[in-house]
Each structure stands twice: as structure tokens, then as C-alpha cells.
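Asks: This is the structure, below, for whatever I ask next.
The values are calculated or read from the model by the stated rules, or taken from the named source; none is laboratory data. Not measured: the values here are computed from a predicted model. Using ideal geometry, Cβ is built from the backbone for each residue, glycine included, and neighbour counts are taken over all protein chains shown. SASA here: full protein model, heavy atoms, side chains in, ligands and nucleic acids out. Shrake-Rupley method; radii C 1.70, N 1.55, O 1.52, S 1.80 Å.
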4 protein chains.
Amino acid sequence: MAGNTTGDMFRITTFGSSHGKALGAVIDGCPAGLELTREDIQAELERRRPGISNITTTREETDQVEVLSGIFKGKTDGTPIAAIVHNTDIDSSAYEPFKNKPRPGHGDYTWICKYGHYDYLGGGRGSGRVTIGHVIGGAIAKKLLKLLAIKVVSHVTQVGDVKAKHVAYGLIEKYANQNPVRCADQKAAVVMEKKILEAKKEGDSIGGIVETITFGVPAGLGEPVFDKLDADLAKALMGIGAVKGVEIGFGFELGQSTASATNDEYYLDGKHIKTTTNTSGGIIGGISNGMPIVTRIAVKPTPSISIQQKTVDLQKMEETTIKIEGRHDPCICPRLTIVAEAAVAMVLADHLLKAGLINPCKIS
Amino acid sequence: MAGNTTGDMFRITTFGSSHGKALGAVIDGCPAGLELTREDIQAELERRRPGISNITTTREETDQVEVLSGIFKGKTDGTPIAAIVHNTDIDSSAYEPFKNKPRPGHGDYTWICKYGHYDYLGGGRGSGRVTIGHVIGGAIAKKLLKLLAIKVVSHVTQVGDVKAKHVAYGLIEKYANQNPVRCADQKAAVVMEKKILEAKKEGDSIGGIVETITFGVPAGLGEPVFDKLDADLAKALMGIGAVKGVEIGFGFELGQSTASATNDEYYLDGKHIKTTTNTSGGIIGGISNGMPIVTRIAVKPTPSISIQQKTVDLQKMEETTIKIEGRHDPCICPRLTIVAEAAVAMVLADHLLKAGLINPCKIS
Amino acid sequence: MAGNTTGDMFRITTFGSSHGKALGAVIDGCPAGLELTREDIQAELERRRPGISNITTTREETDQVEVLSGIFKGKTDGTPIAAIVHNTDIDSSAYEPFKNKPRPGHGDYTWICKYGHYDYLGGGRGSGRVTIGHVIGGAIAKKLLKLLAIKVVSHVTQVGDVKAKHVAYGLIEKYANQNPVRCADQKAAVVMEKKILEAKKEGDSIGGIVETITFGVPAGLGEPVFDKLDADLAKALMGIGAVKGVEIGFGFELGQSTASATNDEYYLDGKHIKTTTNTSGGIIGGISNGMPIVTRIAVKPTPSISIQQKTVDLQKMEETTIKIEGRHDPCICPRLTIVAEAAVAMVLADHLLKAGLINPCKIS
Amino acid sequence: MAGNTTGDMFRITTFGSSHGKALGAVIDGCPAGLELTREDIQAELERRRPGISNITTTREETDQVEVLSGIFKGKTDGTPIAAIVHNTDIDSSAYEPFKNKPRPGHGDYTWICKYGHYDYLGGGRGSGRVTIGHVIGGAIAKKLLKLLAIKVVSHVTQVGDVKAKHVAYGLIEKYANQNPVRCADQKAAVVMEKKILEAKKEGDSIGGIVETITFGVPAGLGEPVFDKLDADLAKALMGIGAVKGVEIGFGFELGQSTASATNDEYYLDGKHIKTTTNTSGGIIGGISNGMPIVTRIAVKPTPSISIQQKTVDLQKMEETTIKIEGRHDPCICPRLTIVAEAAVAMVLADHLLKAGLINPCKIS
């Protein structure tokens, strides 16, 4: 069934595969009158782009975006914004051996089960390259959020067993931008990078955790009972390839706690009502409470590794082994920070429109 | 915005609040010809019902369900199934003091921010009683799953710092049914129950973890890119009140792992393709792979506690304190097992219909 | 597939059948703070109720509505409003003969094809009684529209070959309320009533046309390209049982016209921009232009007639004949006026919310 | 709000405007394994293309389609099919005078009211060129329908006051293809063409009626209560620019009839159940009955005419006049036949998937 569209009022539809002609996104529901340029989108794609450090894949893509519609004289006009990125550095040869031998940890096997006829080149539409669509949508969503002074920041808080120390909220973005791991704890970043390079050297890969914090979200976003803000965030984040867990606020730690220790109590900060702690991560009863929204995702190690693995030859129906020699990220967390930001930004844009906090027709 | 409907082909709409006249659900999209009785639904409600052990709330509700439509001569007829449960044991007096004093950890404050005019009695529609709607829907979904020999089982794996040991999959349901905590590790269950009673005695509450395992799901469920099976499960589970984290398979552990250690390798079990491990929890690339589907939710301690807490009087706009003396669950995990099963069952029913594995019009 | 929910922001889900326990509706997305009573809904149901004149069915239903949720202290609270009407005057005996003999013009045959197991009593969910759900939703939508001084008025403009003359807009409601046909042209109404009674006497039924005019709709409602206001109105109106045609403005007459004769030209009425004519029926390019919105529906004669008709016995697979001796409306147009108003009102409420002209969370 | 996506299982999203870079469509939900080439789509675009006769606009567009994704080795692979058409023959100069002077009959005024910032060049997204998206989607839908031997045929049955005589169903497509008006009654076609050329000469335009007949649709399509097949067809057809009325079967004629004269009676044709007449146009109770599906649309005269018309200068807020000298179709009906076919084909593809008559994942 059609599963490539998401969002109710800020709605994105994406298309394209790793080795196809182009990838892209159509964003529908963005109000008219928003200042938007091709460069706004390109800037976010640059942050996601491969090949910008020694810990990413060596596939070289400049990922230049072309905007086909929806911007008129420098501003959105309320019609769908279609934007595409052409694939250029395609090397499909490496994938032919895996045509009938599903790679462990990848979607090959499940896509074959579901669709029969399946694009196995570069992971097809299961490739991480599909997140180009997310980032295009995220770039536009961020422009909307900016109107309300809302800011979304992601950073890597764990790689393998290396955990980052807590960094003051105001410094996270700045510090995370200063190292290729995108970890705000600069000391931990050094160790993380070493870990990643070790994994790379061994033909292995390594997982981690990405945290996203959103500042400035007003109270009142989220639609109970089913379309709660945290439910929609969980869907958007879990839907990113390689993500296997999502937490809001203190998340799994709350499973070990008592209410007396973790309930967020209210106090007055001038005329503003705030909570003394933020274990809830800014969402209570499915609705934002005005505190920073904190989400965390568990990212599995990228499954493509050059170490021998067992699989089954589906044509011969016999067990066999494979080694994957393509170009891959030894740790996808740094690049996923941008995707997580995009996912969160789009959910928030959607809910701001749903809550009537942004006019759905025109920016005024 | 309308947020009380979920599912595309197996679609549920719920309504009702804690102290209103009735709660209920409308299930639309269930194919015709499914044998279904009022008792099928009542049986699941009995499992969720309060007052059936010493570790649940003392509110006494018999939760008798009445089916208004959709069943004709013992079978569904393809039209919406509406079912309601009347509230009977209502004691609203305890809630008047909190009218303008939002209870920490509850949705009071955020609902006021969003809606202004708000039903604060018994938590209104933010109450755990709204999960009656989930359970009604889950009961019907389970009947559909049964046609394909799919079974959903939940159990409590952690309460506070007490963690259950691994129990063989085949024994979980049986063992979990033998203690009020619904923990399959019978020894741990005793300690957990003690922990819960301690919290209760102190007027406190305690969190935990609920695991849900689904057996017999065929490969091919899930709609990339946005409506992946794990994404939809994450949304459904995170949307349950008190849930602050969701994991699929090994979840957050994968953030500490390497691919060589955790990639699920394929092997042949007769003519069936299986994986040697199941770190992915039965879902790869957003699509089921035929292995058991494993999800885990972090459940925060129920926020209603009789210990004094700080809050703000919204009318006087001054800081104050409250103590909540109502009737509450000291640990909601045991009762959430049924809700988690319902949430998972409904997502699977929806995806079975989407994947064409159940005929959408009639059971044949 | 689930087809009993409609609307994006003002969303209605209905359930129930002609001879089942109850019929009802759940309205989700109505903002909090709207003054609403059970009587507001009952008043609209009274207008639709059978047995209030000699030209309606003799089935006697008082159609008393019970509101189960969503109203708190006299106002909506932003949660779903569930309302039900119990069936009381059920006489199923008349329907057993038709169990396997589909009645011409009714949905019997198509429902059997689709669902197999099918509620054939009183037309099941194909009965006109399901419009009780529409009217419940319409009553609430009208309360919302009233906040913006928007008024929806329907009247019968044709019965058989009797056509009503044009009546000044301001008089339509008043005059239509003065005769059982609900025709604003009082002279034509007399002839129409005679026509209907003749058909009734012969065991036959007769079709007609119902026009709905909505006053006070602001410019800007409608979402191009697919969710245009006229497209949504067409869907809502064509979805009413017995409706086989929908026109906006001059409708089919425009197929015979030239642009020079029918283009609506603009002029200034003080500071307001209006059109000299309204052939477009208030909608241009899929968006309202501030002029009255005019829709017209073609209503087929109710198919239940006591004249002998040919059909097929589906069990014996042989041709046969039937005569339908139940209780039926000889002309459904008068009662459909209320249903058409409801359908239009709900579409407008949905689009007012979509366009941000009503705050989606709370009435302010 | 986002209104550029339609369909539940066969879902289309379109984008682009008359003078923008490109127009296009993303089709999501098409099962994998369908043979599909760029040429399949191009062939339908050729039928819609302007400049292929003396009764269409003189804008010259070759409308060459480029497929960006979703086809792998000659077959669909279950992922979204994105296809675009670049605009080439753009002449924006003619539109500057109308920047603040809304053209009567066009969406200019309503789009300004709704969006404020608005693309007024060539009608922007309100232009007939947006139906390129429909035709792309229709081309793919038709390929799906072909698998079930379903065929959709449109023809012009009226232009101004010239009405075509009834032509045997089997001859309509062949005859309609033999004249530029696409009218199956060849004699009427000659008169219609003359009428159109007269209007063209006078700088005027003329309306008409387009009928669409679909052969081979199985019984069982349509989802009561709100998503009936006729309701969805009405929405799809009314949503096409210039359409102001929709009929199913005998449509408005039924408003003048009695049930005894128009109820479709059943008979046995061998083992098949058919109706002796088809006044219902193949849909009863919102569900297809296996007879040909017949829809008719009222098409208003294209509003762009070179005759002087009154309008208002929105900047100066004073009344004024305009003459439109652009390139326009004097009668859009012939070209709308292809768009109507596309709209109907997409609705049917969607409902075939909903009814489980096409496997949603793969063609088998």
C-alpha cells in the first residue's frame, strides 16, 4: 500500500532509489509567503552529504538539489514544492552478486518477500540515500519553525560503549559542529572517532545513539488519543532506516523510577509556568508543555560489512556466505543527526499547523 | 485536530472519558464473516479490568461491554462495530481541588493549554480508562490474527530495578498468567509484587518495562518508506499513556554493538528461511521477516501519588502544593500488558489487510 | 476497507443499521468551548424524523439521541462527541422474503457481492436510517458555522416533472418550512404533494431535486488540486443514498453556454468584491469566492415499491418476481433536505478548520 | 492544507504550474511487477497534448515525460513512480496585466484571497496544464485495469446546444477517435466543430458534456458509507478544472422519474446476473454491480475569452475591464475526455486495490 507520504497538514511524499535516476520529495501544505530558496535546501543536504569526512562512505555525491515547483519570486506560493537530486556516482556492479543472496541486516530479504520484483542495486529504495527526501522536507520545515523561533538540534551521544558527557544545552550545536562525529562532548568525540575508524579498518561497523533537542516549542502541540505528539515523533524517528529504539525525555530510565523521584513539578518563572525537571522530555499527555522536547534514537550498526556472513541463495535454496565490498559508512550516526532533525522538524511543522499556531494558507 | 482515529484499513475511532457517561470504540474495516461475539470482547476487558488484584486501583468497574452494531447473526457483516462500556463507579469529588492546579506528570496542564475548556474529572480523556477503547479494538484484531494463527503475548520484564530473567518463548503466556504482576519469571514476579506494594504503601508509584512478542507473523508486512511496520508499532505503543520509550528487537543495545556481532544471519530450516539470531525483532527494512516480532515499552511510574508535590495555581498564578488521594495503580505495567497486546494486534491487523494477506471484504 | 469516516479536521465516523440496536456517530475535531446541548442535535433529528407528514414512511421512530461523550458542562471539550439513537420500531418480518432476492434499485445485490454475509433487514446499513449519523454531525457543524454567521438552507426544487419557480433567497427557508414537501414555491408545493400522494397510492415512488444554498461563507475555502471545495461537496452529496447527480451553481446548464454569457464578472459593492452573477455557485478554481454556495442534487425515486418487479433468486439461481410491502417514503426529497444541509455543513466546517478560519483547538 | 494527494491505496501526488519549471506526479501504491514503460505514459500525454487540431490552444508543448523512479528493468518495483514534464513554450508576458485584475471565471481572485502570494502566470497551478499530472496517473492506472480487462472510454456528448445521438457502446471509442471533437456521433461532431470554431472566431468559448463509460468492472467496488464508488468518482470528476456537474447513470433524469419506470430489474444472462436497464450507471448502494459504469460531467466554457469583461483592480480597488489575448482552448471538452478517463481510471484502480481484487504488493 502507499506508504511514501506522511503528515496531515505539512505533508511530504518522497520517491527514488539509490541507483535510479533521481531521488526527491514533494512537500504539500507549506503556507504561501514563506521566503525559501534552493540554497536553504542545499545547505541542509550539504550537512548530510557523504564524503565530507574520513568516517563516512566514499561514495561521492554532490547532491545538488533542483526545485521544480512551489516557489514563486522567492517565496512559497502554497502549491506543492517538488525538489529532486540526481544520482551521479553510481556503481551497480558491486551489487549483482547479492541479487539472490540477501545481505544480513538489510531489507533485501523482506523486500523480495513483499514485492517479488525488487531493485537490489545499492539497496534500492531501502538505501540510506532515501533520507535525501527527509532532509529536503526538513529544510523547509525548519524555515517554518524559524518563524516561531523554534530550533532543532541533534548530536551523537553514544558510539559503541563510548558515552558522551552532558553538555549545556546552549553549547550543543556549536560543539557538535566542531568534529566529524557530531558529538558535543569534544573529548568523547575523539574516542568515538577512533572507535569508528577501528571498526572501519576491520570491515565492521558500529552503532550509537543520537539525541535531538527542540527549543522554543509552545505548549499545546499534539492530538490525543492516537496522534499524540510523542506518538508521531516515535513513528517518524523509528521509520528512519537503522533506528531500532526511540525514547522521549528520560525514556527507559523511567521504567526504573518512582513517581516521587521523576514527576516534573511546576513552578513559576516570572509569568511562565515551567517544570523543575524535564524527565518527560517536553511532552505530557501527548501534548507539548513548553519545555525543550528531547528525543533519543538507538541506531544499529550499518549492516554492510566486509566480514564474511552466512546467508541463503534464494534461487538455489542453499546456504552460502557473502562478503560486502561496497562503499559504506562505518557508523551512520553522524549523518543521521541531520535526518533526525528533519524528521522532528517535519512532525513539529505538521503539529503547529494542526494546532492553528501557523496559519495554514499564508504566512502573515 | 481529529486525533482519535487510527489505522488505514483496520481503523479504530475511540471516545469517552473517565467520568463521562460511557467510553467506546468504533472499529471500521473488519471484513465480513468473522465469527465474533460480545464475549470475545468482554474476555479481553476482564483481563484489563481494575480491582482484580491487590496491586491495582481500587476503583470498581465491571466494564461490561455492549455491542451496538456490526455483528449480524454471530458474524461481522463488514459494517462498523460500535461497542461501549458505561462508567459506573464515578467519584468526581476528589478531582475538584485540582481544577486549576495541574497535577505533576499528568496531562492537566497541557490539555488546559491546548483546549482551554477541559474535563478534569478523573483525568478526563487523559485517563487510563480510555484504553478500554484500545482493548475493544484489540479483541477484534486478535480474532482476525487468529485466522492466520498469529498470537500476541505481553509480559512484564522489569519493575523498578527488578529485571526478569529470560523465559522460553513457549512458556511466557502460561507463566505470566500465574501472577498478578504478569511477569513470566515467577521468582522475579514475587520481588516485583513486593516492590509495588512498598511503593503503594508509601503513596508512591513505580515504573517498569513491558515486552510484547508476536508469533506467526508472515514475512512481508510493512509499507516503506514512512509507514514501516516498526514505525507504526512505535506510534501505536508510544501513544499509550505513560509510555516513554519503544524498542524493536535488541533496541538500544544495538547502539552499543557492531554489525559483525549483531547482524541476523540467514539459514535454511527445511524449506523456510530463518535468521540465526533475532536482534532485529522480526522487522528488517521496515518489513516483517517471518521471525517473532519483539517490542518493548518503557512505562513511567503512574503520576498520581499521595506524596506532596509542587505545582502552580493557574487561577491565582501562584505556586502551591498538592497531594492526590484518589484511587490509582501503584504500577500500571501489569494492566498495560493487555493494552500493549491490543495496540500491536491492531497494527498487525491493519498491515495484514494492507499487504493483502487478509481479504478486505470477506473472510473466505 | 474502512469507509465510514470522512473529513480531515472535522471528522465524522458513523455506525449502525436499520434494524440493529442503535445508530450513531462520533464527531472528532470539534474545537473545545463550543456551546452544545443534546437538544441542539435532537432539533435537527426532529426535522429528519419519519412519520411527521402524510408523505413520509409510516415507520414510527422518535429518534431520541443520547450523547455519550465530548460535552463537559454545556460545552465541547475538544474530545470526540459520540451520540447514539436506538432503533425501536423494528419490523424485520417483511424482509425475510428478500433474503436471497435482491430488490431492484437497492444495494442488496451489490452488498452481497462485496461482503457475502450481509444484514438484509430493513436494508441493513444501506438503509436511509444511516443518515441519522449525518444529521448528528450536521447539527454540530451548523453550531460551528453559526459562529461565523454561516447558514445552510435546503429546499425541494423539483418533484417528478413539477419544477418550482425561483424564490428570493431570503424567503426560501421560511416558505420551505411551511409545507411538507419543503418547497419554497408554495404553489408548486401543492402540486408536488399531489404528485407524491398519487405515486404513493399506486405503490410507486417519485424522484426530485434538492437545492442547498449556503450564505455567509468567506472567500478562501477549498484545497486545490484534489481537495477542492466543490470536489468535497460533490463527494459528500453523491455519497447520500439515492443521489445520482450533483451540480454546483449553474451546473449542467453551463455545458450549453458560452463564456461571454456565463462568466461571473467582478464589481465593487462598497469595499467588497462581488460577482454580478453567480453561475459558478460561489466556487471558482475549487475555492469559495464569498458568494452564496449553491449545490443541487438529483434524487432518484426510492426503490422500494409495491409494484411487482423482476429479480433473481440467488440461491436457486432462477428468475423470479417480488413485491415490496414494507413502509417507505414515496418521495425522499423532503427528508433529504436535512441530510443535504448536514452534508454541506460538515464539509464547510472541515474546510473552515483547514483554512484556519476557525481555531482548531478552542473557540475564542 | 495539503490537497495535492488523492487516493488511499493507489495514491497520486501532483505538483507544478503552467509557467514553472516542470509539472509532475508521484504515483504510490502501484504493485510491483507491472510492465510499464515511459512510452505507456507518453502515449496518454499525446492524446491530451495541445496543438494537435485547429480547435485547441496554439500553445505548443511536446509534453515529453521523464520517469525518475519506480520502474526497474521494465517493471514497477512497488516504489513510488515519479514522472515529470518540463514546460518549454512559456510566454508570461501576456499575464502581467492581470496581476491585480482577476479574470472572470478563473481562480485568480479566490487564490489571491486564500494564499496572498500567488503565481498568476498562465493561471499558475490553476491552469489546465496541471491535468498533466492526472494523465500520468491515469496512464498507470489504465495499465492496472488492463490486467482485469477493464476499459475506460470517454467521448463528448454535447457542445453548446448540439447533442450527440446515442452510439452503440462497442463503437464509441473507434468513432470518437476519428474527429477532433472526440464525439462518437460523427454527424454531430461536424456541427460541434463548427460551433467551436465560431466561438473561437468571436473570441468566445463554449461548454459541453463529456461521458465516460467503463467496461468490465467487477461487482463489489465501493466502500460505504462515505467512500462509496460514486462518491469517489464524483469527487475526482468535480475536482477537474471547469467541471460544474457530475451525473452517474441517468443522473438528473432520475429526478423526474418514478421507480416503476427506472428501477433496474435483475435477470440471468447464462450464469451472470445482470440488469435489464442501467439507469443506475453500474453503481447501486455505492458499490459496483458489474454493469458498465457511466458518468457524465458538465464542462463550463473555458473562461479565457478576448471579449471585454468587467473586473476589479485589486490594488487600486476600482472597477475596470480586461480583454484576455492569450492562447486558449475555445472548447476544452475534447481534451478533457482524456482527463476524465484518467480520473475514473485512478478511482477504479484505488477501489480494486481496496476490494482486494488486485494484490496490493505484487502482480501475480
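Asks: Which residues, taken from the stretch A:347-364, are more than 10 Å from chain B (Cβ to nearest Cβ), touching a helix residue (DSSP H, G or I) at 6+ places or on another chain (Cβ under 9 Å) and either not β-branched (V, I, T) or not in a helix (DSSP H, G or I) (or both)? Full working, then the answer.
Replies: Going through the stretch A:347-364, the residues more than 10 Å from chain B (Cβ to nearest Cβ) turn out to be A:347-349, A:352, A:357-364.
From what's left, touching a helix residue (DSSP H, G or I) at 6+ places or on another chain (Cβ under 9 Å): A:347-349, A:352, A:357-363.
Within the stretch A:347-364, A:L348, A:A349, A:L352, A:L357, A:I358, A:N359, A:P360, A:C361, A:K362, A:I363 qualify.
Asks: Given (1) closer than 20 Å to B:K114 by Cβ; (2) without any contact (Cβ under 8 Å) to a residue 24 or more places away in the chain; (3) within 7 Å of chain B (Cβ to nearest Cβ), identify the lone condition not met by A:K274.
Replies: The failed condition is (3).
Asks: Would you check if there is a residue in the stretch C:153-164 being away from chain D (no Cβ under 14 Å), crowded, with 20+ Cβ neighbours inside 10 Å and of a type in the set (V, I, T)?
Replies: Yes; the residues of the stretch C:153-164 include at least one that is away from chain D (no Cβ under 14 Å), crowded, with 20+ Cβ neighbours inside 10 Å and of a type in the set (V, I, T).
Asks: Being more than 7 Å from chain B (Cβ to nearest Cβ) and on the phi > 0 side of the Ramachandran plot is the filter here, so list the residues in the stretch A:229-252 that pass it.
Replies: Correct list: A:A242 only.
Asks: With respect to D:E173, is the statement that it is surrounded by fewer than 24 Cβ atoms within 10 Å (Cβ to Cβ), more than 20 Å from the chain's Cα centre (by Cα) and in a helix (DSSP H, G or I) true?
Replies: Values: surrounded by fewer than 24 Cβ atoms within 10 Å (Cβ to Cβ): yes; more than 20 Å from the chain's Cα centre (by Cα): no; in a helix (DSSP H, G or I): yes.
Spelling it out, it is not the case that D:E173 is surrounded by fewer than 24 Cβ atoms within 10 Å (Cβ to Cβ), more than 20 Å from the chain's Cα centre (by Cα) and in a helix (DSSP H, G or I).
Let's see how each residue does on (1) closer than 11 Å to C:I55 by Cβ; (2) basic (K, R); (3) assigned to a helix (DSSP H, G or I); (4) at pLDDT 95 or above:
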{"position": "C:V152", "(1), (2), (3), (4)": "no, no, no, yes"}
{"position": "C:K165", "(1), (2), (3), (4)": "no, yes, no, yes"}
{"position": "C:N179", "(1), (2), (3), (4)": "yes, no, no, yes"}
{"position": "C:K195", "(1), (2), (3), (4)": "yes, yes, yes, yes"}
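Asks: Among the numbered criteria (1) more than 10 Å from chain A (Cβ to nearest Cβ); (2) open to solvent by less than 40 Å² (accessible area, probe 1.4 Å); (3) in contact (Cβ under 8 Å) with a residue 40 or more places away in the chain; (4) within 22 Å of the chain's Cα centre (by Cα), which one does B:A43 miss?
Replies: All conditions pass for B:A43, except number (2).
Asks: On to the next question. Considering only residues of the stretch D:197-225 that are touching a residue at least 24 places away in the same chain (Cβ under 8 Å) and of a type in the set (D, E), which is most open to solvent (accessible area, probe 1.4 Å)? Walk me through how you get there before you give the answer.
Replies: The first filter runs over the stretch D:197-225 and keeps only residues touching a residue at least 24 places away in the same chain (Cβ under 8 Å), leaving D:197, D:199-200, D:202-225.
Now narrow it down to the ones that are of a type in the set (D, E): D:202, D:204, D:211, D:223.
Details: D:E202: 120, D:D204: 15, D:E211: 28, D:E223: 1 Å².
Per the stated criteria, the residue is D:E202.
Asks: Another question about this same structure. Of the residues B:G285, B:G290, only one is at positive phi and at the interface with chain A (Cβ under 7 Å from one of its Cβ atoms); which? Lay out the reasoning, then the answer.
Replies: Numbers: B:G290 fails: at the interface with chain A (Cβ under 7 Å from one of its Cβ atoms).
From the options B:G285, B:G290, the qualifying one is B:G285.
Asks: Based on this model, can you work out whether D:I297 counts as touching a Leu at 6+ places or on another chain (Cβ under 7 Å), facing chain C (nearest Cβ under 9 Å) and within 23 Å of D:A199 (Cα to Cα)?
Replies: Values: touching a Leu at 6+ places or on another chain (Cβ under 7 Å): yes; facing chain C (nearest Cβ under 9 Å): yes; within 23 Å of D:A199 (Cα to Cα): yes.
Spelling it out, D:I297 is indeed touching a Leu at 6+ places or on another chain (Cβ under 7 Å), facing chain C (nearest Cβ under 9 Å) and within 23 Å of D:A199 (Cα to Cα).
Asks: Look at the stretch D:99-131 and say how many of its residues are more than 10 Å from chain C (Cβ to nearest Cβ), assigned to a helix (DSSP H, G or I) and open to solvent by 20 Å² or more (accessible area, probe 1.4 Å).
Replies: Residues in the stretch D:99-131 being more than 10 Å from chain C (Cβ to nearest Cβ), assigned to a helix (DSSP H, G or I) and open to solvent by 20 Å² or more (accessible area, probe 1.4 Å): 2 in total.
Asks: For the stretch B:241-263: of the residues being in a loop (DSSP other than H, G, I, E, B) and closer than 17 Å to B:I293 by Cβ, which is nearest to the chain's Cα centre (by Cα)? If you could, list the steps in order and put the result at the bottom.
Replies: Within the stretch B:241-263, the subset in a loop (DSSP other than H, G, I, E, B) is B:241-242, B:249-250, B:257, B:263.
Next, from what is left, pick out any that are closer than 17 Å to B:I293 by Cβ: B:249-250.
Details: B:G249: 18, B:F250: 20 Å.
That would be B:G249.
Asks: Can you confirm whether C:I324 is at pLDDT below 95, open to solvent by less than 10 Å² (accessible area, probe 1.4 Å) and within 27 Å of the chain's Cα centre (by Cα)?
Replies: Details: at pLDDT below 95: yes; open to solvent by less than 10 Å² (accessible area, probe 1.4 Å): yes; within 27 Å of the chain's Cα centre (by Cα): yes.
In short, yes.
Asks: Can you tell me which condition D:T62 does not meet? The list is (1) in contact (Cβ under 8 Å) with a residue 40 or more places away in the chain; (2) within 19 Å of D:G122 (Cα to Cα), and all the others hold.
Replies: Going through the list (1) in contact (Cβ under 8 Å) with a residue 40 or more places away in the chain; (2) within 19 Å of D:G122 (Cα to Cα), D:T62 breaks only (1).
Asks: Looking only at the stretch D:216-225, filter to residues that are out of contact with any Phe, Trp or Tyr (no Cβ under 9 Å at 6 or more places or on another chain) and of a type in the set (G, A, S); which one of those is nearest to the other protein chains (Cβ to nearest Cβ)?
Replies: Only one residue tops the list, namely D:G222.
Quick grid of which residues meet (1) within 7 Å of chain D (Cβ to nearest Cβ); (2) open to solvent by 10 Å² or more (accessible area, probe 1.4 Å):
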residue: C:D227; (1), (2): yes, yes
residue: C:L254; (1), (2): yes, no
residue: C:D269; (1), (2): no, yes
residue: C:P301; (1), (2): yes, no
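Asks: For a quick check of your reading of the model, give me the residue pairs whose first member lies in the stretch B:11-29 and is within 24 Å of C:G3 (Cα to Cα), whose second is surrounded by fewer than 24 Cβ atoms within 10 Å (Cβ to Cβ) and modelled with pLDDT of 95 or more, with beta-carbon atoms closer than 6 Å and at least 6 apart or on different chains.
Replies: B:T13/B:T5; B:G16/B:A22
Asks: Here's another thing I want to ask about it. Between D:G282, D:G290, which is open to solvent by 30 Å² or more (accessible area, probe 1.4 Å), under 29 Å from the mean Cα position of the chain (by Cα), under 15 Å from D:G216 (Cα atoms) and at pLDDT 95 or above? It would help to see each step written out before you state the result.
Replies: Numbers: D:G282 fails: open to solvent by 30 Å² or more (accessible area, probe 1.4 Å).
When all the criteria are applied, what remains is D:G290.
Asks: Just to check your reading of the model, which residue among D:A141, D:A199, D:A188, D:A184 is hydrophobic (A, V, I, L, M, F, W, C), in contact with a Pro (Cβ under 8 Å, 6 or more places away or on another chain) and either in a helix (DSSP H, G or I) or modelled with pLDDT of 95 or more (or both)? Steps first, please.
Replies: On the way: D:A141 fails: in contact with a Pro (Cβ under 8 Å, 6 or more places away or on another chain); D:A188 fails: in contact with a Pro (Cβ under 8 Å, 6 or more places away or on another chain); D:A184 fails: in contact with a Pro (Cβ under 8 Å, 6 or more places away or on another chain).
Being hydrophobic (A, V, I, L, M, F, W, C), in contact with a Pro (Cβ under 8 Å, 6 or more places away or on another chain) and either in a helix (DSSP H, G or I) or modelled with pLDDT of 95 or more (or both) holds for just one of D:A141, D:A199, D:A188, D:A184, which is D:A199.
Asks: Residues of the stretch D:16-40 being open to solvent by 10 Å² or more (accessible area, probe 1.4 Å), in contact with a strand residue (DSSP E or B) (Cβ under 8 Å, 6 or more places away or on another chain) and not in a loop (DSSP other than H, G, I, E, B), which ones?
Replies: D:E35, D:R38
Asks: Pick out, from the stretch B:264-313, the strands (runs of 3 or more DSSP E) lying fully within it that include 1 or more residues that are over 24 Å from A:K101 (Cβ atoms).
Replies: Numbers: elements: B:266-269, B:272-275, B:293-299, B:309-313.
Output list reads B:293-299, B:309-313.
Asks: In addition: Among (1) among the hydrophobic types (A, V, I, L, M, F, W, C); (2) open to solvent by 10 Å² or more (accessible area, probe 1.4 Å); (3) farther than 25 Å from A:D108 by Cβ, which single condition is A:L314 missing?
Replies: (3)
Asks: Same structure again: Scanning the stretch A:46-98 for residues that are acidic (D, E) and open to solvent by 30 Å² or more (accessible area, probe 1.4 Å), which turns out modelled with the highest pLDDT? Steps first, please.
Replies: Filtering the stretch A:46-98 for residues acidic (D, E) gives A:46, A:60-61, A:63, A:66, A:77, A:89, A:91, A:96.
Checking the rest, the ones that are also open to solvent by 30 Å² or more (accessible area, probe 1.4 Å) come to A:46, A:60, A:66, A:89, A:91, A:96.
Details: A:E46: 95, A:E60: 78, A:E66: 98, A:D89: 77, A:D91: 79, A:E96: 83.
Out of the qualifying residues, it is A:E66.
Asks: Let me ask another. Select from the stretch D:303-331 the residues that are within 30 Å of D:R49 (Cβ to Cβ) and of a type in the set (K, R) and write down the one among them that is farthest from the other protein chains (Cβ to nearest Cβ). Spell out the reasoning first.
Replies: Going residue by residue through the stretch D:303-331, those that are within 30 Å of D:R49 (Cβ to Cβ) are D:303-307, D:309, D:322-331.
Filter once more, so that each one left must be of a type in the set (K, R): D:323, D:327.
Details: D:K323: 12, D:R327: 15 Å.
So the residue we want is D:R327.
Asks: Just a yes or no: is a residue in the stretch A:6-14 away from every other protein chain (no Cβ under 14 Å) and in a loop (DSSP other than H, G, I, E, B)? Give the steps one after another, and end with the answer.
Replies: Quick first cut of the stretch A:6-14, residues away from every other protein chain (no Cβ under 14 Å) only: none.
No: zero hits.
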